[in-house]
Amino acid sequence: MQYIDGKDLYSMFNFGTYYIMKQRSYLNDINVFPVPDGDTGNNLLHTMKTISLESSPTKSFRDTLESISSSALVGARGNSGVIFAQFVNGLYKSNSFDTEISFKQFSRLVEKSVVHTYASLSNPVEGTMLTIIKKWSSILKSLEETDISIKEKFNKSYEEINLYLEKTKDMLGVLKEKDVVDSGALGFTLFIKGIVGYYNNEKIEELDLEKIEEIDHHDFDGDAKFRYCTEALVKKNGELNNKLKKELTVYGDSIVIADGKSKFRIHIHTNTPEKVFQHLNKYGKIESAKVDDMQLDISLKNSKSKRVLVTDSIADISPSILADNNVVVIPVNIIVDQVSYLDKRGISNEVLFDLIEKSSEYPKSATPSIKYINDLFSRLLLNFTEIIIITVSKKLSSTYRVIFQEAKKLQQKGKNITVIDSKNNSGSEGLLLLSAINLMKENVSTKDIIRIIKEEREKTEILVCLKTFKYATLSGRVPKKIGKFAVKIGLRPIMTLKNGNGAAFSFAFSKKKITKKIVKYVKKDMKKNKIKSYAIVHCLAEAEASEYKEIFTSIIGFPPAYICPISSATAIHSGKGTVAIAYIKS
């Protein structure tokens with residue numbers, strides 16, 4: 001076996017998947033760079049598993065490498081996974097051989113790929129996977145003319161790279177301090193071990209890759225400079241220029257771009273994932289996206305509480321309140337032109353309505369995936385003994401049903417997990433969540449929290465001033481004939497909730513008259529009941545929200561608990577210019 005064909009190449013990667021799978025936990029444990037989030041093993045395994053599952057091996061080296069390259073881009077996850085994908089893409093882009101290649105030709109492909117891989121990073125750092133790839137290339141080159149078999153050459157390369165791996169500890173301060181090698185560097189070394197395993201005809205366990213459990217989370221031991229670990233797979237609308245990497249630096253760091261034949265994948269740590277995605281739309285169509293809240297993961301890990309609050313992204317509440325109280329938010333999906341964005345993480349209302357103007361189809365919302373919810377609950381139960389979940393009204397969204405069903409499975413296994421149907425949405429759901437936050441701070445028992453929230457949900461009101469019927473009509477919430485007629489005559493509705501369902505409360509032909517009616521209703525309500533707390537929410541209507549704050553602070557006697565934008569899942573139906581007051585009566 002002096003040449004490498006497509007079947008050989010696929011087997012080399014497949015064996016690499018096996019060795020990374022066997023060391024996944026250890027790779028997670030030693031993950032300290034670029035952030036100590038304990039997920040390198042998970043990310044590399046996901047990347048390699050996708051290559052093994054999705055690639056189509058043939059005898060042709062060229063065809064198999066193209067298939068592996070495409071699969072690597074689709075499956076790349078995390079900093080290490082995207083760097084590995086770029087290495088594979090570098091092999092593919094440098095390749096001009098067809099059926100099979102010699103060891104020397106393979107060595108030269110690796111040498112060229114080193115340049116591609118380094119170029120993919122905004123700030124290449126030595127002591128990491130990059131260093132191992134570069135060193136392996138130089139070892140392969142030194143073995144090109146030796147009079148030994150391909151098997152012996154790869155064995156020799158592994159022996160040398162394994163010895164060199166230890167030296168990388170001294171190349172990066174954090175590695176030296178923790179006395180560990182970089183987890184990505186070890187991961188790539190295990191990939192090389194897989195190549196050797198294939199050529200040595202080692203017996204490995206037959207893997208049922210579909211059943212390998214994947215753990216998608218960050219396990220931090222330290223601080224994160226930016227909040228969100230953000231990734232996207234983008235179908236290109238042309239050749240990718242070298243400017244993108246520099247352009248993305250304004251949004252964050254840890255930037256890696258793996259550029260393939262028709263797609264590219266980016267990885268970045270940022271505070272504004274929605275702006276990153278908006279920027280990427282200039283370069284093509286986002287096919288998939290992922291946003292992990294690294295700072296929340298740190299807070300949850302360090303939390304001393306035994307209880308955790310969970311809600312869905314339809315609950316409108318100040319982000320600072322959520323962050324300060326370690327509330328976990330399950331984002332619903334916003335579908336625009338068949339691209340799925342995570343509500344409040346991957347898309348903002350500014351971006352949403354910009355996309356609506358360009359979109360051929362009106363956006364829709366979709367429930368979170370069952371796997372996402374199941375993985376989330378399983379992770380939370382590692383750190384907490386009780387989970388309390390407050391959801392959007394089950395009559396308004398099937399999000400409640402999906403969350404309830406997954407919670408029920410865990411309840412049947414003896415887990416302490418409670419789901420409360422808020423019978424509300426938007427600002428009124430957010431206020432119920434705020435009540436639960438305050439009750440937990442006061443160490444109120446879970447039983448009493450559940451009772452109080454169920455009592456308060458019957459005392460909530462939300463009065464929503466829509467600027468137009470246009471968006472409610474486009475989204476299907478209002479019949480087309482009625483909606484078009486209302487838009488034509490300039491009729492504006494006040495929407496509310498009755499028994500968990502949306503309902504029209506009143507109508508008027510101007511914002512002034514709408515506001516007057518809402519004020520009148522609140523004053524009337526206050527004659528019967530005091531208002532315990534209230535909030536103002538809006539969709540791209542900051543001036544109107546400020547006006548409501550002034551009006552209702554004067555009427556109620558104290559300022560709102562918060563003012564914040566509404567969820568994009570709600571904005572699809574209410575539209576731009578919406579403003580609302582939500583309150584809980586004593």
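The set of residues from region 142-168 being under 35 Å from the mean Cα position of the chain (by Cα) and either on the phi > 0 side of the Ramachandran plot or in contact (Cβ under 8 Å) with a residue 40 or more places away in the chain (or both) comprises just one member, THR168.
Of all residues in region 451-465, those satisfying the criterion of being out of contact with any Lys or Arg (no Cβ under 7 Å at 6 or more places or on another chain), in a helix (DSSP H, G or I) and in contact (Cβ under 8 Å) with a residue 40 or more places away in the chain are ILE453, GLU456.
For region 476-487, which residues satisfy the criterion of being in contact with a strand residue (DSSP E or B) (Cβ under 8 Å, 6 or more places away or on another chain) and either modelled with pLDDT of 95 or more or not in a helix (DSSP H, G or I) (or both)?
Answer for region 476-487, where residues must be in contact with a strand residue (DSSP E or B) (Cβ under 8 Å, 6 or more places away or on another chain) and either modelled with pLDDT of 95 or more or not in a helix (DSSP H, G or I) (or both): just ARG477.
Restricting the search to region 54-108, which residues are assigned to a loop (DSSP other than H, G, I, E, B), surrounded by 21 or more Cβ atoms within 10 Å (Cβ to Cβ) and free of Cβ contacts under 8 Å to residues at least 60 places away in the same chain? SER55, the sole residue that qualifies. In summary, ALA508 fulfils each of the numbered conditions (1) modelled with pLDDT of 95 or more; (2) hydrophobic (A, V, I, L, M, F, W, C); (3) under 19 Å from LYS470 (Cβ atoms) with the single exception of condition (1).
Residue check: is SER348 under 21 Å from SER568 (Cα atoms), buried (at least 21 other Cβ atoms within 10 Å of the Cβ) and of a type in the set (Gly, Ala, Ser)?
When the stated conditions are applied, SER348 passes them.
All of LEU121, LEU91 fail the test of being modelled with pLDDT under 90, farther than 19 Å from VAL181 by Cα and of a type outside the set (Ser, Thr, Tyr), apart from LEU121. Checked against the criterion of being modelled with pLDDT of 90 or more and not in a helix (DSSP H, G or I), region 516-529 has at least one qualifying residue.
Scanning region 379-401 for residues that are farther than 25 Å from ASP39 by Cβ and assigned to a helix (DSSP H, G or I) gives THR399, TYR400, ARG401.
The residue pairs whose first member lies in region 271-286 and is without any contact (Cβ under 8 Å) to a residue 60 or more places away in the chain, whose second member is surrounded by fewer than 18 Cβ atoms within 10 Å (Cβ to Cβ) and among the charged types (D, E, K, R), and whose beta carbons are closer than 7 Å, counting only pairs six or more residues apart or on different chains, are HIS279/GLU247; TYR283/LYS236; GLY284/LYS235; GLY284/LYS236; LYS285/LYS235. Among the residues of region 127-137, are any among the basic types (Lys, Arg), out of contact with any Gly (no Cβ under 6 Å at 6 or more places or on another chain), at pLDDT 90 or above and farther than 25 Å from TYR19 by Cα? Within region 127-137, not a single residue is among the basic types (Lys, Arg), out of contact with any Gly (no Cβ under 6 Å at 6 or more places or on another chain), at pLDDT 90 or above and farther than 25 Å from TYR19 by Cα. Among residues of region 543-568 being farther than 30 Å from LEU342 by Cβ and surrounded by 15 or more Cβ atoms within 10 Å (Cβ to Cβ), the one that is nearest to the chain's Cα centre (by Cα) is GLU547. Within region 241-269, residues that are over 23 Å from VAL35 (Cα atoms) and free of Cβ contacts under 8 Å to residues at least 24 places away in the same chain reach no partner that is part of a strand (DSSP E or B) and of a type in the set (A, V, I, L, M) with beta carbons closer than 9 Å at six or more positions or on different chains. Yes or no: region 172-182 includes at least one residue that is assigned to a helix (DSSP H, G or I) and under 17 Å from PHE87 (Cβ atoms). No: region 172-182 contains no residue that is assigned to a helix (DSSP H, G or I) and under 17 Å from PHE87 (Cβ atoms).
For ASN325, the requirement of being modelled with pLDDT of 95 or more, polar (S, T, N, Q), surrounded by fewer than 21 Cβ atoms within 10 Å (Cβ to Cβ) and touching a helix residue (DSSP H, G or I) at 6+ places or on another chain (Cβ under 9 Å) is met.
From LEU380, LEU396, which residue is touching a residue at least 60 places away in the same chain (Cβ under 8 Å) and within 28 Å of LYS301 (Cβ to Cβ)? Testing whether each residue is touching a residue at least 60 places away in the same chain (Cβ under 8 Å) and within 28 Å of LYS301 (Cβ to Cβ) leaves just LEU380.
Here LYS498 meets each of (1) exposed (fewer than 13 other Cβ atoms within 10 Å of the Cβ); (2) in contact with a Ser or Thr (Cβ under 6 Å, 6 or more places away or on another chain) with one exception, condition (2).
The values are calculated or read from the model by the stated rules, or taken from the named source; none is laboratory data. For clarity, every value in this text was computed on a predicted model and none was experimentally measured. Cβ sites come from the backbone with ideal geometry, for glycine too, and all protein chains shown count toward neighbours.
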